[in-house]
Amino acid sequence: MSACGRVGAYETDQFNNRLEPIEDSTLLLNQQVNMAIEAAIADRQGSRDDMAVVNHIYRAIGGIHWVDKLERWAMNSPEVDKLSTPRRKSIYSGHPIWATRVAGFFGVGPTIRVNDVLIGSDKLGHFLSQGRKYYRRYLRYEDEARAAERSAYTERALFGQMMTGSYSNADLVANYEGHRFYHSLFEDDVVPGKPAILSWADSGWTIQREFDFADHVNVYWDEALNINHYDSLLYPHMEERFRSFCDDLSLAPGRYEVHGEAALKERYAHLQLRDTSELRLTHLCVETPDPFTSGPIETHP
């Protein structure tokens with residue numbers, strides 16, 4: 001896909017159509033990743049080479065182009081249920097172009113359900129491609145926080161706030177979880193309580209357990225819950241737009257709950273996420289009592 005085509009998937013929208021039913025695609029996506037892992041170790045002989053395995057998986061379902069192969073497969077496969085939002089109805093439509101910039105020209109990518117979480121299809125690309133870059137930086141620095149600095153810089157610059165006015169916390173989470181996936185191929189307990197996916201013995205790899213997106217996807221991948229940070233040009237327009245979804249909150253408040261947030265904040269403390277909890281519907285849609293009309297009325301003799 002061309003660069004222009006990929007720009008159209010820079011942004012994602014889990015606010016529109018949130019209450020529509022959608023099938024979970026975890027098993028379908030797991031199957032694609034596990035097939036790539038199997039192919040990466042098939043007939044591989046000689047000395048152990050971890051990066052050769054990583055790179056084989058990346059070439060199979062990631063990719064150097066603007067849309068990773070697994071992401072493109074999910075977008076096009078009739079097996080993967082999707083919520084699609086037309087450009088004119090997205091959360092970025094109708095705002096001044098000087099505020100939305102790139103996001104105002106193009107639409108948003110489709111939303112899919114993984115591990116019972118609504119995510120933009122673009123997160124698959126972040127997981128595989130940016131996750132691989134993160135993992136390579138981790139191997140160089142042996143420090144996850146230092147490796148995270150580049151991810152945060154990228155989100156501020158070309159692929160994030162400079163181009164769109166938004167800084168995606170969820171992108172940074174998906175990047176990091178991609179690193180954890182590659183790391184968990186070879187090391188025990190990267191996924192707590194689970195062995196490495198692969199084991200090396202007698203000059204060959206064996207699979208110890210299957211990959212599962214459920215080990216990585218959580219509510220912090222959902223941009224209606226882990227909301228983007230917007231710059232001063234875009235923020236007031238997005239706040240106003242979010243308030244238009246208050247009726248959806250009243251119909252299905254459970255769809256906007258963030259469970260286990262303390263643990264998630266601890267897990268991602270080094271990723272330079274920005275606190276945007278004031279933009280959650282559970283905050284925006286709460287009626288503020290009017291001090292002039294609420295409370296007891298005082299009378300004076």
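The values are calculated or read from the model by the stated rules, or taken from the named source; none is laboratory data. In this text the structure is predicted, and so the values were computed from the model without any measurement. Don't worry about glycine lacking a Cβ; one is built from the backbone with ideal geometry, like all the others, and counts go over all protein chains shown.
Numbers below:
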item: Residue in segment 232-239 that is closer than 15 Å to S277 by Cα, among the acidic types (D, E) and surrounded by fewer than 17 Cβ atoms within 10 Å (Cβ to Cβ) present; result: yes
item: Answer residue from segment 207-230, given it is in contact (Cβ under 8 Å) with a residue 40 or more places away in the chain and either of a type in the set (S, T, Y) or more than 30 Å from L19 (Cα to Cα) (or both) and is surrounded by the most Cβ atoms within 10 Å (Cβ to Cβ) among those; result: Y220
item: Criterion violated by L264 - all others in (1) closer than 28 Å to N16 by Cβ; (2) in contact with a strand residue (DSSP E or B) (Cβ under 7 Å, 6 or more places away or on another chain) satisfied; result: (2)
item: Of residues in segment 105-118 being modelled with pLDDT of 95 or more and in a loop (DSSP other than H, G, I, E, B), the one farthest from T26 (Cα to Cα); result: D116
item: Segment 222-256 - residue that is among the hydrophobic types (A, V, I, L, M, F, W, C) and assigned to a helix (DSSP H, G or I) and, of those, farthest from G94 (Cα to Cα); result: L251
